[in-house]
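Q: Take a look at the following structure, please.
Every number here is computed from the coordinates shown, using simple stated rules; none is lab data. Just so we're clear, the structure is a prediction, and the values are computed from it rather than from any experiment. Note that we place each Cβ from the backbone using ideal geometry, even for glycine, and neighbour counts take in every protein chain shown.
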Amino acid sequence: MIVRMVIGLVLTAVAFAIAGRRLWWLKRLALTGQPAPERLAYAREHVPVEVKTQLSEVVGQRKLLKWSVPGAAHAATFWGFLVLMLTIIEAYGALFQRTFSIPWIGHWTFTGFVEDLFATGVLCGIATFTVIRLRNDPHREGRRSRFFGSHTRAAWVVLAMIFLVVLTLLIYRGAQENTGVFPYQSSGAWVFASWLAGKALHPLGYGVNSVLEATFILGQLGVIMAFLVVVAYSKHLHIGLAPLNVMFSRRPNGLGPLEPMRSGGKVLDFEEADPDTDVFGLGKIEDFSWKGLLDMGTCTECGRCQSQCPAWATDKPLSPKQLILDLRDHAFAKAPYLLSPADARDSLPADVLAEAARPLVGSPSDNGVIDPEVLWACTNCGACVNECPVDIEHIDHINGMRRHQVLVESAFPQEAQGMLNNLERKGNPWGMSEDRRGDWIAEMDFEIPVIDGTIPSDVEYLYWVGCAGALEDRAKKATKATAELLHAAGVKFAVLGPAEACTGDPARRLGNEFVFQMLAQQNVETLNEAGVGEGSGKKVIASCPHCFNTIAREYPQLGGNYEVIHHTQLLSRLVADGHLKPVNEVNEKITYHDPCFLGRHNEIYTPPRHVIESVPGVQAEEMHRCKGKGFCCGAGGARMWLEERTGSRINENRIDEALALDPDTVATGCPYCMVMLGDAVNAKKAAGQAKETLEVIDVSQLLVRAIKLREDAAAE
Ligand code: SF4
Ligand code: SF4
């Protein structure tokens, strides 16, 4: 017993010392990041939300279970390890007393049964993981594998270790049965796995079973301690870090608004910013906040983000997983530099100094950590953030780096320069005159009030038309259809006309926070003057999901608070309340494309579908990638204004999926999507791959066809 006890305790002490040293180093590294006081404050002030999130995301494995088979395997392994804590207590107890049992519950048949059940569950889990990994072998599958770029060898080592944990457990429990010291001796076959192991070992006799009992208790503790060390030094660090990362992630889900630009933890106001002392965006690894560094350490390398990324799917160099791993590798390699006192850095080894000198964003020839092609390929679609089981915030990191590139380095794709100039000079990306915003109004056959000052008291809605809706020919059709429907339903609305300016979304998503703040402040002033602020009882209708997201969820960062509704939400309500009655049959097969900034970023999935389904005769069919798993059109993240030079085109990839359903119409709820998908359809028509009658329309255009008088429709 003494030898068993000494070996067990020495093993434990050594493992804890090695793992503890690593954790201490990781903590010091994380604290070299910038402060993030808002994360701590939120967690402190919203304890019930945090508890609920931990229960659902960590204990309930909510995001993991969205992928049924791997999710179930992970849940079985995770829950198994929680339950197997009891067996670890029993193994330690057996070091000191051979007949040890956990006080009170330690002889219950139920306890023994549950332990065996979950041990078997863990075995099933790792068997499933083995199959998944073999089927997705990156060496065979290449980029199609979600494990492409992950450290697969370490993953196999960990799977083997988990198997050994359960194997040693069952062997020592089986041997305990045969030596008569098993705490669940009287439970018989209820403790089924141990009972079976006992039956298998029984022929070896008491002596051999005694040796097996002692050896495999130590073996079990040895494997667990080795596992502890491996966890501390590998991607399996997520076992400890995931609950922390989930706790401090941006609520509700890291999507929707971008993080405001911060310097030293405080939100940066350009009017007060000091170019000598303030940090503009993320230009070095130490410019990331501790939460950013925690993100890097928490990545499990599962590749779920990569598998959903439209840039990766179309052969661009951007993989959200690889981006996080590259940042993590750089942070770890630069750590000796970051953790050294400033006056001792010059004497660090040459390789550390070389790592410290690497530009955060730079081409491979400049030894950059993140290739600019990677940085600019992102459409901000949110698929990565939505999928990530440990709540990593890829978009904020990407946009943080873009901010530094634009504001400090002036290094961004030059084709975007025209758009930025147009925004600064004319308040819209096309550089058209402000007066042109009213052109579509003149084409309507009823009057639409244009607000001059304050919104009239009898008008309930301000219709925020957006630049595309007012100035782009295809999007203008949707604007007019929406206006017509509102008019038909008797909704009182007004528009801002020339007083409306771009919300600033393309500038912000490109990284130009300066232009964004300029436009946003101007619009907040206009909206406040119009009297549509919070508490006014007035609502803002936005047709463009980018405008919707910016006004509803980003303007509060600048003090502008408004009740914003997307036009599909309002149309859905008007149909449901009987104010709009779709009576004309539209005998078409229609598939709906979820705009990322309406769907994933703002979780508006049902209203546009409700409108489509309300139209008689429509045969609605979903594409495989829909709702939360919807595939981007390629326009977000200011990509609308950038060339797509690498790989295949995202919009064509999306349309190929629609074409597989052979629809008559592709409907959507976003002017950007209409333009991108419309271009893709035109390209497919030119190549003879799509029927000439196929069109891309807004949901409002479909509804207008269904409520118009038959003669009007025929005339049209
Ligand atoms: S936001 Fe979309 S495009 Fe950007 S990295 Fe994530 S998945 Fe890829
Ligand atoms: S970032 Fe999240 S989804 Fe992507 S590999 Fe890491 S843990 Fe998985």
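Q: With only Lys, Arg, Asp and Glu charged, each at its Cβ (+1 for the first two, -1 for the last two), find how big the charge dipole of region 1-142 is about the Cα centre; round to the nearest 20 debye.
A: Computed charge dipole of region 1-142: roughly 420 debye.
Q: Separate question: Taking the Cβ of each residue in L255, L9 as the centre, tally the other Cβ atoms inside 10 Å and list the residues starting with the fewest.
A: Lowest to highest Cβ neighbour count: L9, L255.
Q: Enter the Cα centre distance for the pair region 553-621 and region 431-466, rounded to the nearest angstrom.
A: Value for the Cα centre distance between the two parts: 22 Å.
Q: Please express the Cα-Cα pair-distance distribution P(r) of region 566-716 as a list of whole percents, one per 10 Å bin, running from 0 to the bin with the greatest distance.
A: 11, 41, 34, 12, 1
Q: Using only the Cα atoms of region 179-318, build the gyration tensor, take square roots of its eigenvalues as a ≥ b ≥ c, and label the shape rounded, prolate or oblate: rounded if a/c is under 1.5, else prolate if a/b is larger than b/c, else oblate.
A: Prolate is the answer for region 179-318, as a/c is 1.5 or above and a/b outweighs b/c.
Q: Aspartates and glutamates within cross-link reach of K321: Cα-Cα under 13 Å, excluding same-chain residues under 8 positions apart?
A: Leaving aside aspartates and glutamates fewer than 8 places away in the same chain, those within reach of K321 are D295, E301, D329, E387, D391, E393.
Q: Just want to confirm a number: the relative contact order over the chain, from Cα pairs under 8 angstrom separated by 6+ residues, in percent.
A: Result for the chain is 11 percent.
Q: Tell me, what is a quarter of the convex hull surface for the C-alpha atoms of region 529-578, in nm² with one decimal?
A: One quarter of the hull surface, i.e. the mean projection, equals 3.8 nm².
Q: Let me ask something else about it. Using the Cα atoms of region 3-116 to build a convex hull, what is its mean projected area in square nanometres?
A: Across all orientations, region 3-116 yields a mean hull projection of 11.1 nm².
Q: Next question. Could you bin all the Cα-Cα distances of region 67-156 into 10 Å bins starting at 0 and give me the percent of pairs in each, rounded to whole numbers?
A: P(r) over region 67-156, rounded to whole percents: 16, 34, 24, 16, 9, 1.
Q: Once you charge only the Cβ atoms, +1 for Lys and Arg and -1 for Asp and Glu, what is the size of the charge dipole of region 341-483 about its Cα centre, to the nearest 20 debye?
A: Using Cβ point charges on Lys, Arg, Asp and Glu, region 341-483 gives about 280 debye.
Q: Provide the FRET efficiency to the nearest 0.05 for the K52-Y233 pair, computing r from the beta carbons and using R0 = 35 Å.
A: Working from the Cβ atoms, E equals 0.60.
Q: Shifting gears a bit: Counting only residues 5 or more places away or on other chains, whose amide H sits under 5 Å from the amide H of N561 once H atoms are built in the peptide plane?
A: So N561 has HN proximity to E534.
Q: Can you tell me the 0 to 90 degree angle between the C-alpha axis of helix 192-201 and the longest principal axis of the chain, rounded to 10?
A: Between helix and principal axis, roughly 40 degrees.
Q: Which value, in debye to the nearest 20, describes the size of the charge dipole of the chain about its Cα centre when Lys and Arg Cβ atoms bear +1, Asp and Glu Cβ atoms bear -1, and nothing else is charged?
A: I would put it at about 2880 debye.
Q: Nearest 500 deg cm²/dmol is fine: what mean residue ellipticity at 222 nm does the chain get from its DSSP H runs of n ≥ 4 alone, each adding -39,500 (n - 2.57), divided by its residue count?
A: Per the formula, -16000 deg cm²/dmol.
Q: Which Cys residues of the chain have no other Cys beta carbon under 4.7 Å away?
A: C124, C299, C302, C309, C378, C388, C467, C502, C626 - these cysteines have no disulfide-compatible partner (Cβ-Cβ under 4.7 Å) in the chain.
Q: Next up: Restricted to Cα positions, what overall size does region 469-576 have along the principal axes? Three whole-Å values, descending.
A: So the three principal-axis extents are 41, 34, 24 Å.
Q: Here is a follow-up. For the chain, take N as its residue count and report Rg(C-alpha) divided by 2.2 N^0.38 Å.
A: My calculation over the Cα atoms of the chain gives 1.12.
Q: Ranked by Cβ crowding within 10 angstrom, fewest neighbours first, how are C305, C673 ordered?
A: Placing the least packed residue first, the sequence is C305, C673.
Q: A638: net charge of surrounding residues, Cβ under 9 Å, Lys/Arg +1, Asp/Glu -1, itself excluded?
A: Cβ neighbours under 9 Å give a net charge of +3.
Q: Then there's this: Can you put Y461, Y605, Y172, Y233 in order of Cβ neighbours within 10 angstrom, beginning with the fewest?
A: Y233, Y605, Y461, Y172
Q: Putting +1 on Lys and Arg Cβ atoms and -1 on Asp and Glu Cβ atoms, find which of F163, G303, Y233 reaches farthest to the positive end of the dipole of the chain.
A: F163
Q: In whole angstrom, note down how far apart the Cα centers of region 103-149 and region 244-317 are.
A: Each part reduced to its Cα centre gives a spacing of 32 Å.
Q: Per-residue counts of other Cβ atoms within 10 Å, averaged by peptide: what ranking do you get for 272-284, 588-600, highest first?
A: Highest to lowest by the protection proxy: 588-600, 272-284.
Q: I need the Debye-formula profile for region 82-224: one equal scatterer per C-alpha, no solvent, reported as log10 I(q)/I(0) at q = 0.10, 0.16, 0.20 1/Å, two decimals.
A: Taking Cα atoms of region 82-224 as identical point scatterers yields -0.39, -0.80, -1.11.
Q: How charged is the neighbourhood of V83? Take every other residue with its Cβ under 15 Å from the Cβ of V83, and add Lys/Arg as +1 and Asp/Glu as -1.
A: Residues near V83 contribute -2 overall.
Q: Then there is this: Order the peptides 161-167, 400-406 from the highest to the lowest mean number of other Cβ atoms within 10 Å of their residues.
A: So the peptides 161-167, 400-406, ranked by packing, come out 400-406, 161-167.
Q: How large are Rg and Dmax for region 394-491 when calculated on the C-alpha trace, in angstrom?
A: For region 394-491, the Cα-based Rg and Dmax read 18.0, 52 Å.
Q: Is the shape of region 267-390 best called rounded, prolate or oblate, per the rule: a/c under 1.5 gives rounded, else a/b larger than b/c gives prolate, else oblate, with a ≥ b ≥ c the square roots of the Cα gyration tensor eigenvalues?
A: Judged from the Cα gyration tensor, region 267-390 comes out prolate (a/c at least 1.5, a/b above b/c).
Q: Answer with one residue from A15, Q97, T77: the one whose Cα lies farthest towards the positive end of the charge dipole of region 1-114, charges on Cβ with Lys, Arg +1 and Asp, Glu -1.
A: A15
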